[in-house]
Each structure stands twice: as structure tokens, then as C-alpha cells.
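The values are calculated or read from the model by the stated rules, or taken from the named source; none is laboratory data. What you see is a predicted model, and the numbers here were worked out from it, not measured in a lab. Cβ: placed from backbone, ideal geometry, glycine included. Neighbour counts: every protein chain shown.
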Amino acid sequence: MRALEAHYGWEELARKIPIRCFSHDPSVSSSLKFLRKTPWAREKVEGLYLFKLREQARSERAASGGP
């Protein structure tokens with residue numbers, strides 16, 4: 001959660017995944033509490049995290065001249 005918040009910020013997270021814990025008085029602890037109880041929201045956040053990791057790996061490969 002911290003990595004996503006640091007990368008996107010709360011405002012962008014709320015745009016990408018429109019859930020209240022990202023848009024109204026957001027914090028890592030309130031978001032984690034909500035995500036633990038809400039499987040559909042947790043799946044969306046996990047998907048966004050995996051997407052972020054793939055994009056980072058892709059840009060690192062491109063910067064190093066790899067395939």
C-alpha cells in the first residue's frame with residue numbers, strides 16, 4: 001500500500017480505484033483496514049500493484065537496452 005501511495009499519491013489512487021478510503025481523509029492504516037475486509041477492492045489494488053511492477057520492469061529493461 002505504501003508503495004502505491006508513494007508512486008501515485010492518494011488523488012491518483014482515488015481516480016484509478018474509486019473507493020472512499022482513497023478519496024476521503026485517506027491514510028495507509030484506514031485503507032489497509034478497509035482492504036482486509038473487502039475482497040473485491042483488495043483484488044483491484046493488488047492488480048494495480050502488479051501493473052506498476054510490470055511497468056517498472058519494462059522501463060528498466062528499456063533503459064538498459066534489454067529486450
Exercise for the section: Enumerate the pairs (first residue in region 9-38 and among the aliphatic types (A, V, I, L, M); second residue anywhere and loosely packed, with under 12 Cβ neighbours inside 10 Å) with beta-carbon separation below 7 Å, excluding pairs fewer than 6 apart on the same chain, so at least 6 apart or on different chains. Expected result: Val28/Arg2
Fill in the blank from the handout: Per the filter on region 54-67, residues of a type outside the set (D, E, K, R), loosely packed, with under 11 Cβ neighbours inside 10 Å and under 19 Å from Lys16 (Cβ atoms) are Ser59
Exercise for the section: Tell me, please, whether a residue that is part of a loop (DSSP other than H, G, I, E, B) and either over 13 Å from the mean Cα position of the chain (by Cα) or of a type outside the set (Ser, Thr, Tyr) (or both) can be found in region 39-62. Expected result: no
Exercise for the section: Go through region 1-17 residue by residue and tally those that are at pLDDT below 95 and not in a helix (DSSP H, G or I). Expected result: 1
Problem - Unique residue being of a type in the set (A, V, I, L, M) and surrounded by 14 or more Cβ atoms within 10 Å (Cβ to Cβ) when the list is Leu50, Leu32 - result: Leu32
Exercise for the section: Filter region 39-67 down to residues that are in contact (Cβ under 8 Å) with a residue 12 or more places away in the chain, closer than 11 Å to Met1 by Cα and of a type outside the set (Ser, Thr, Tyr), then give me how many there are. Expected result: 2
